[in-house]
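Below is one structure, written out as structure tokens; the observations come after it.
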Amino acid sequence: MADDFKQQLAALLSNIDPAIRRRAAEELGQRGGFAPIAALAAALRDDNKGVRDAALRALTAIGNSNVARAVVEYISDDNIVTRNLAGELLLKLRENSVPALLPYLYDVDQDIRKFAVDILGLIGHPDAVQHTLTLLEDPDPNVIVSAIEALGNIRSIQAIPHLMRAFESSDYAKAPAAEALGKIGGQQAAEFLLFQTNKLITDPKVDPIVLYTVLEALSDIAGAPAIDLLQEHLHKLKGKLRRTLLFALLRIAERCNVQIRGISELRAVLIESLVNDETPVQISAAKALGCIDGDDVTEALLMSIAQQDELDAAILPLLETRSKVLSLLVCLLQRGQLQASKEVIVLLGKLAVQRANALPALAPLVDPAFEMVRKAWAEGSEDVRTAVIDTLFRLDGDKAMQFLDNVVEDPDPWLRIHVIELLASVSDYRIPQFIARFLNDDDEMVRDVAAATLQAQGIDPISISLQ
């Protein structure tokens, strides 16, 4: 056994064949112990990627503090590949790496200090806090920023006063310190960020990036009392900054379950945010607009459909309960301002069902709505076509049957099969009888699909064919 062990070590460290070195790394990973760990750590510098990867997997499998102590010296290696492998492994080892990394926070090389604190921040262990705080006085700005980010990732309340001082001490530290305070949270951090917001908004030379970051952090941690104070500042800002402040307001109000006063007066900026901003801002704006009446708001919500799944999840339930949605939706489709996407078609179908008790008033809308949906069939995907058929039946079942009659007259049997498969998901009393006509189709596959579809719905194909 001892000879085998020595042969494996020798093979890993000196054999000219990378396949043999790789196999030796895999075998040594099953042993553990100081010597195998040291050899595997050295193999992270191997010229062959396969050998390096095998060594990395073996060291990860051993996964103890001895591995961390053996590997940590390689974060100062001249080879960037080796450095990155060492950093990756130390991160995987989590708390086992912390004691080994701490001395490197005091290395003479600022790049090593930065790399070490970056890893510790990603690990997020509280034992690193006190040592990381010392780097807030580091002579290198990049190290300071990395230390701030690490403290935010660790989320230690102990770091809050130090981060507040870092924010006020230098311009380059403001944005990362604000972000870190937002991650940590707590009343002290929230009050500080609110104070800084009031101060920055009145500063004509404010760095927009700093204000963005402060407002974003504040939106995550501020309480309801911040809403009125922030709302007073809305008129002082324009464009993106104003929408960012509004987003903070909406986030705080939503999190605290309170209503923003005078929300209807903000309709213009809310619509602008719904149109121009990133998805999280759009979602908050949509939720706020759902509380405001008006055709302009309804149109803005309709025009935002089918852009992002997350946004649709917020908008579509709001539209199902608003007034005049069906008429506005049909109008936008007729004018070509809105495309008949799957989401739009499904919404049309739901609105038609919900407004069924008001059919006399909505009768003029049925024919144009039916025509808009019917046109979507030709170029539609399978999902769109399923939605088309379902909505056509919701709008006018008799006309839907006529439409299907025309479709299945096509001589292509695959089209008939496709229609049968789509009809399987549509609930209408006329569907089984329509599918039954294909039980006598000239094409055997069409007949089989029709029979299988009916059986899946609990209908006996023989019985229905005799009706």
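The values are calculated or read from the model by the stated rules, or taken from the named source; none is laboratory data. Please read these numbers as outputs of a predicted model, since none were measured by experiment. Cβ atoms come from the backbone with ideal geometry, glycine included; neighbour counts cover every protein chain shown.
Of Asp390, Asp398, Asp428, which residue is outside any helix (DSSP H, G or I) and under 30 Å from Gln334 (Cβ atoms)? Working first, answer last.
Values: Asp390 fails: outside any helix (DSSP H, G or I); Asp398 fails: outside any helix (DSSP H, G or I).
Asp428 is the lone residue from the list that is outside any helix (DSSP H, G or I) and under 30 Å from Gln334 (Cβ atoms).
Taking helices (runs of 4 or more DSSP H) that do not extend beyond the stretch 55-121, which have at least 1 residues that are in contact with a Ser or Thr (Cβ under 9 Å, 6 or more places away or on another chain) and assigned by TED's automatic domain parsing to the domain that holds Phe34?
65-71, 80-92
Could you tell me whether Leu200 is closer than 19 Å to Leu270 by Cα and free of Cβ contacts under 8 Å to residues at least 40 places away in the same chain? First the steps, then the outcome.
Details: closer than 19 Å to Leu270 by Cα: no; free of Cβ contacts under 8 Å to residues at least 40 places away in the same chain: yes.
So Leu200 fails the test.
In the set Leu151, Leu194, Leu249, which member is in contact with a helix residue (DSSP H, G or I) (Cβ under 8 Å, 6 or more places away or on another chain) and under 23 Å from Arg267 (Cα atoms)?
Leu249
Please enumerate the residues belonging to the stretch 186-216 that are in a loop (DSSP other than H, G, I, E, B) and touching an Asp or Glu at 6+ places or on another chain (Cβ under 9 Å).
Asp207
Conditions: (1) assigned to a helix (DSSP H, G or I); (2) under 41 Å from the mean Cα position of the chain (by Cα); (3) not hydroxyl-bearing (Ser, Thr, Tyr). Ala39 meets all but one. Number of the miss?
Ala39 satisfies all of (1) assigned to a helix (DSSP H, G or I); (2) under 41 Å from the mean Cα position of the chain (by Cα); (3) not hydroxyl-bearing (Ser, Thr, Tyr) except (2).
Among the listed residues Asn48, Asn66, identify the single one that is within 38 Å of the chain's Cα centre (by Cα), over 17 Å from Glu88 (Cβ atoms), surrounded by fewer than 16 Cβ atoms within 10 Å (Cβ to Cβ) and free of Cβ contacts under 8 Å to residues at least 60 places away in the same chain.
When all the criteria are applied, what remains is Asn48.
Being among the hydrophobic types (A, V, I, L, M, F, W, C) and crowded, with 18+ Cβ neighbours inside 10 Å is the filter here, so list the residues in the stretch 242-268 that pass it.
Selection gives Leu245, Leu246, Phe247, Ala248, Leu249, Leu250, Ile252, Ala253, Ile260, Leu266.
Scan the stretch 177-197 for residues that are without any contact (Cβ under 8 Å) to a residue 12 or more places away in the chain and charged (D, E, K, R) and jot them down.
Glu191 - this is the single residue of the stretch 177-197 that is without any contact (Cβ under 8 Å) to a residue 12 or more places away in the chain and charged (D, E, K, R).
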